[in-house]
Amino acid sequence: MSRRGDNIHKRSDGRWEGRYIASRNEFGKAEYKSVYARTYADCSERFKLARCNLLPVSKPMACHTVTFTPCGIPLQRSASRAA
């Protein structure tokens, strides 16, 4: 990790990655997060927003809930997202 400046580098797959310290755990160890982009300028912009917690986070995909009987046969299946 760099001590000064932006920690942005080009990956082997051609994308740019910006890494930053998101938080610290109870032992003081740094927990890192990354932002990715196709261009350096876009990565730099996302990097600055992410460090200030302004980067929009995508919502996780809804999953299906399956209820099983004690013998393991599915009883019902319901989707948690609206159709």
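The values are calculated or read from the model by the stated rules, or taken from the named source; none is laboratory data. Note that the structure is a prediction, hence the values are computed from the model and not measured.
Acidic (Asp, Glu) and at pLDDT 90 or above: is that true of Asp6 in this structure?
So Asp6 does not fit the description; no.
Could you run through the stretch 9-31 and say how many residues are of a type outside the set (Gly, Ala, Ser), at pLDDT 90 or above and part of a strand (DSSP E or B)?
5
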